[in-house]
Amino acid sequence: MTHTPRPGEPAPATAPRARVILDNDYGGDPDGLFQLAHHLLSPSVRVDLIIASKIPDSFAESDPGAGARGVVAADRVLELLGRPERAVVGVETGLVPGVVPPLTDAARAIIREALRDDPLPLVYCAGGGLTDLATACLHEPRVAELVNLVWIGG
């Protein structure tokens, strides 16, 4: 039996309405992994990129390898859900005022997604730092016009 929406009730989503880049510190506390699972299970979005960020310096001392641990944790969620996607590691250091950071694999992937010809809007859902997005914007300023940022960071 199919559900017929009542007047004013939205129709159920049957196809993605947005494509999403997820950026979170999956190697830290588990909230990012819940965010990842939620987005992957939602039929209203298509997850096109997953970035495992470092843990913010304000939450912990410098934690080398947090991004790599985040990739392992995020990839485990992907495996449990039977998904083919894999996470990429984000930058391990913060920005330095007045210095354009090197172009990282994560920033390259953000630029590629932002410039891809796709009719769906691109939403960058960040629960971690914004360093990789900022790096992408510094190397390709058009990214700022093509990405809608939703940030739940502190």
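The values are calculated or read from the model by the stated rules, or taken from the named source; none is laboratory data. Just so it is clear, the structure is predicted and the values come from calculations on it, not from any experiment. Methodologically, a virtual Cβ is constructed for each residue, glycine included, from the backbone with ideal geometry; neighbour enumeration extends over all protein chains shown. These area figures cover heavy atoms from the full protein model, side chains too; ligands, DNA and RNA do not enter into them. Shrake-Rupley method; radii C 1.70, N 1.55, O 1.52, S 1.80 Å.
Among the residues of region 45-57, count how many are at pLDDT 95 or above and over 15 Å from the mean Cα position of the chain (by Cα).
Selection size over region 45-57: 0.
Counting just the residues of region 95-106 that are out of contact with any Leu (no Cβ under 8 Å at 6 or more places or on another chain) and within 20 Å of Trp151 (Cβ to Cβ), which one comes out most open to solvent (accessible area, probe 1.4 Å)?
Leu95
Go over the candidates Ala60, Ala13, Ala18 one by one and state the one that is modelled with pLDDT of 95 or more, over 17 Å from Val88 (Cβ atoms) and not polar (S, T, N, Q).
Going through Ala60, Ala13, Ala18 in turn, just one is modelled with pLDDT of 95 or more, over 17 Å from Val88 (Cβ atoms) and not polar (S, T, N, Q): Ala18.
Cβ-Cβ distance below 7 Å, separation of 6 or more or different chains: which pairs start in region 64-76 with a residue that is part of a helix (DSSP H, G or I) and end on one that is of a type in the set (D, E, K, R)?
If the second residue must be of a type in the set (D, E, K, R), the pairs left are Ala66/Asp25; Ala66/Lys54; Gly67/Lys54; Gly67/Glu92; Gly70/Asp25; Asp75/Arg86.
Keeping to region 107-154, report how many residues are surrounded by 13 or more Cβ atoms within 10 Å (Cβ to Cβ), of a type outside the set (A, V, I, L, M) and within 14 Å of the chain's Cα centre (by Cα).
Adding up the residues that qualify gives 12.
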